[in-house]
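Participant: One structure, pasted below without further comment.
Every number in this text was worked out from the coordinates using simple rules, so none of it is lab data. Since the model is a prediction, treat every value here as computed from it, not as a measurement. Don't worry about glycine lacking a Cβ; one is built from the backbone with ideal geometry, like all the others, and counts go over all protein chains shown.
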Amino acid sequence: MKTESLFDRSKQIMPGGVSSPVRYVEPYPLYAERGDGSKLTDVEGNQYIDYCMGYGPLLLGHGLPEPVEEKVKDQIDRGVLFGLSGEIEVEFAEFLVERVPSLEMVRFVNSGSEATMAAIRTIRGYTNKDKIVKIAGGFHGAHDSVLVEAGSGAVDIPASDGIPEDFVRHTLQVPFNDPGKLEEVLENYSTEIAGIIMEPMMGNAGVIPPENGYLERVRELADEHDVLLVFDEVITGFRLGLGGAQEYFGITPDLTTMGKIAGGGFPIGLFGGKREIMSEISPQGNTYEAGTFNGHPVALVAGYNLLKYVEKEGVHDKVNSLGERLREGLKKLTEGTGYQVAGLGSTFKVFFTDLDRPPRNYSEAKSCRDEEWKKEFRPKMLDEGIFLPPSQYETQFISFAHSEKDIEKTLEAYDKCL
Ligand code: PLP
């Protein structure tokens with residue numbers, strides 16, 4: 001079997017045989033051969049309906065629509081990298097500022113991790129304070145300030161070897177959907193806190209939407225305690241709508257981090273927000289941020305033209321209504337059976353939980369029956385031709401390329417495998 005042999009070779013020369021840990025699956029991960037619309041084909045020739053969609057970036061599914069592909073090819077013909085700004089950078093930045101409520105200025109980087117790392121440095125630089133508050137279980141990329149795990153008692157610990165405990169001291173954690181706990185932390189530490197960084201809808205603990213009034217209260221608390229609010233919209237940005245979750249829920253943060261969909265499948269990250277805060281960034285201000293590949297022309301051309309296509313074709317109406325249909329179907333299937341369906345827009349997840357509602361924070365999500373999901377359910381779904389990301393805690397994404405028929409087939413597969 002080609003897959004086994006590729007994995008055997010991979011393990012000799014790459015840690016765990018993969019380039020990112022979530023891709024590690026026992027006994028071996030799938031190796032991708034190609035993607036077409038909603039379908040993914042592995043190196044064995046098996047075809048799956050894909051709900052991983054590259055972990056979110058592929059809002060339109062695999063492949064680029066013709067007008068976007070043409071622009072990308074044209075950019076490649078004209079050059080892939082210059083180390084200079086180009087017209088595309090200005091046009092894309094203007095497009096974003098017009099559509100995402102909090103953005104007055106933006107900086108382009110290369111990944112969501114870079115965006116959150118730089119945004120955190122920026123709020124620290126702007127406020128001259130060191131501490132940040134994050135949501136327990138919230139993922140903001142693989143860098144030191146945000147890789148923090150709950151320790152015993154109230155003391156948090158690094159979530160990885162190689163992170164000094166001193167760094168983690170500056171990161172305080174509170175549960176999602178719990179404004180009381182946030183208020184407590186802000187009252188105790190507000191003079192030391194630069195800001196709060198959070199996903200407006202959690203996307204790395206399964207999908208956990210905010211409860212009514214929660215984000216409003218977070219905004220109020222941030223203002224009352226004079227700390228900045230950063231929404232990490234790396235997943236929700238351009239997914240819940242062109243204006244992101246901040247437009248969807250009507251709450252404007254001070255800074256926003258984005259990535260994934262913004263690059264049309266190519267690596268990208270960006271962050272932006274209030275002019276006064278963004279002016280803190282080098283070379284205008286004293287908070288240093290830089291990168292050889294920042295504002296990469298191919299990623300910018302792909303992302304900009306893809307987002308223009310999304311707007312013109314009314315993509316969100318279609319993907320959101322497919323999402324609604326799939327979630328409703330799943331709810332009917334799972335009523336009273338030890339599963340809970342969650343999600344918004346084109347995201348969904350079936351939690352393996354005995355709670356009588358979907359989890360509302362990370363610790364509830366962690367109490368789900370994970371072994372059953374991983375070892376029994378997901379492999380069965382693969383046999384039925386459905387590719388789900390290999391963790392109960394990853395969001396599942398529907399794309400513009402998914403059809404009613406895909407949704408029907410998916411519901412049948414859930415019915416059979418649950
Ligand atoms: N923030 C959120 C909410 C994410 O989900 C991720 C990645 O999944 C990141 C940041 C990091 O983005 P990247 O993987 O592009 O570095």
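Participant: Decide, for the range 163-235, between rounded, prolate and oblate: order the square roots of the alpha carbon gyration tensor eigenvalues as a ≥ b ≥ c, take rounded if a/c falls under 1.5, and otherwise choose prolate if a/b is larger than b/c, else oblate.
Facilitator: oblate
Participant: Through the Karplus equation 6.51 cos²θ - 1.76 cosθ + 1.60, θ set to phi - 60°, convert the phi angles of the range 336-352 into ³J(HN,Hα) values in whole Hz; use x for Gly and Pro.
Facilitator: x, 10, x, 9, 9, 9, 9, x, 8, x, 9, 10, 7, 7, 9, 7, 8
Participant: What FRET efficiency do you get for K2 and K73 if R0 is 30 Å and r is their Cβ-Cβ distance, rounded to the nearest 0.05?
Facilitator: Taking R0 as 30 Å, the efficiency between K2 and K73 is 0.50.
Participant: Exposure proxy check: T287, T256, T191 ranked by fewest other beta carbons within 10 Å?
Facilitator: Result, fewest neighbours first: T191, T287, T256.
Participant: For K2, list the aspartates and glutamates whose Cα falls under 18 Å from its own Cα; do not include residues on the same chain fewer than 8 positions away.
Facilitator: E26, E33, D42, E44, D383
Participant: Moving on. Return the loop-located trypsin sites (Lys or Arg not before Pro) in the range 30-120 (DSSP other than H, G, I, E, B) with at most 11 other Cβ atoms within 10 Å of their own Cβ; answer none if there are none.
Facilitator: none
Participant: By how many nm would the segment from Q12 to S321 grow when fully extended, if each residue of separation counts as 0.36 nm and the alpha-carbon distance is taken off?
Facilitator: 106.7 nm
Participant: For E149, what residues show an amide H to amide H distance below 5 Å, using hydrogens built from the backbone and excluding near sequence neighbours?
Facilitator: I157, A159
Participant: Could you identify which residue out of D74, D161, D356 has the top mean-square fluctuation in a GNM of the chain using Cα springs shorter than 10 Å?
Facilitator: Highest fluctuation among the options: D161.
Participant: Could you tell me which of T395, V315, G385 has its Cα farthest along the dipole of the range 256-403 towards the positive end, charges placed at Cβ (Lys, Arg +1; Asp, Glu -1), taken about the Cα centre?
Facilitator: Selected residue: V315.
Participant: Would you mind ranking C368, C417 by Cβ crowding within 10 Å, fewest neighbours first?
Facilitator: The fewest-first ordering by Cβ neighbours comes to C417, C368.
Participant: Output needed for the range 142-182: three equivalent-ellipsoid semi-axes, defined as square roots of 5 times the C-alpha gyration tensor eigenvalues, in descending order, whole Å.
Facilitator: The answer is 20, 11, 8 Å, longest axis first.
Participant: Convert each backbone phi in the range 12-22 into a coupling constant with the Karplus relation 6.51 cos²θ - 1.76 cosθ + 1.60 (shift: θ = phi - 60°), then list the ³J(HN,Hα) values in order as whole Hz, x for Gly and Pro.
Facilitator: Ordered by residue, 3J(HN,Hα) equals 6, 10, 9, x, x, x, 9, 9, 7, x, 5 Hz.
Participant: Take every DSSP beta bridge with both residues inside the range 194-313 and express the antiparallel ones as a percent of the total, to the nearest 5.
Facilitator: 40 percent
Participant: Kirkwood hydrodynamic radius of the chain from all distinct Cα pairs, in Å?
Facilitator: In the chain this quantity evaluates to 22.1 Å.
Participant: To the nearest 0.05, what FRET efficiency results for C417 and R99 with a Förster distance of 22 Å applied to their C-beta separation?
Facilitator: The value I calculate is 0.05.
Participant: Rounded, prolate or oblate: which fits the range 1-157 when a ≥ b ≥ c are the square roots of the eigenvalues of the alpha-carbon gyration tensor, with rounded for a/c under 1.5 and prolate only if a/b beats b/c?
Facilitator: oblate
Participant: Let me check the size of the range 202-248 from its C-alpha atoms; what are the radius of gyration and Dmax in Å?
Facilitator: Expressed in Å, the Cα Rg and Dmax of the range 202-248 come to 11.6, 31.
Participant: Set the Förster distance to 56 Å, then compute FRET efficiency between F82 and K181 from the Cβ-Cβ distance, nearest 0.05.
Facilitator: For R0 = 56 Å, the calculated efficiency reads 0.70.
Participant: Show me, for the range 96-108, the HN-Hα J-couplings you get by feeding each phi into the Karplus relation (A = 6.51, B = -1.76, C = 1.60, θ = phi - 60°), rounded to Hz, glycine and proline as x.
Facilitator: For the range 96-108, the Karplus-derived couplings read 5, 4, 6, 10, 9, x, 7, 7, 10, 9, 10, 10, 8 Hz, x marking Gly and Pro.
Participant: What residue among E26, E376, E98 shows peak mean-square fluctuation when the chain is described by a Gaussian network model with Cα springs under 10 Å?
Facilitator: E26
Participant: I'd like the antiparallel share, as a percent to the nearest 5, of DSSP beta bridges with both residues in the chain.
Facilitator: Bridges in the chain are about 60 percent antiparallel.
Participant: If you take the square roots of the eigenvalues of the alpha-carbon gyration tensor of the range 231-325 and sort them as a ≥ b ≥ c, do you get rounded (a/c under 1.5), prolate (a/b over b/c) or oblate?
Facilitator: oblate
Participant: Same structure again: Once amide H atoms are built 1.01 Å from N in the peptide plane, which residues 5 or more positions from E33, or in another chain, come under 5 Å H to H?
Facilitator: Amide H neighbours of E33, under 5 Å, 5+ apart: T41, D42, V43.
Participant: Please compare each pair in K181/K416; K331/K380; K11/K134; K71/K349; K11/K416 to a cut-off of 31 Å on the Cα-Cα distance and tell me which ones are over it.
Facilitator: In this structure, K181/K416; K11/K134; K71/K349; K11/K416 lie more than 31 Å apart at Cα.
Participant: In addition: If each of R357 and D130 carries a label point 7 Å out from its Cα toward its Cβ, how far apart are those two points in nm?
Facilitator: 3.9 nm
Participant: Whose amide H sits under 5 Å from the amide H of E394, counting only residues 5 or more places off or on another chain, with H placed in the peptide plane?
Facilitator: The list, which skips near neighbours in sequence, is G206.
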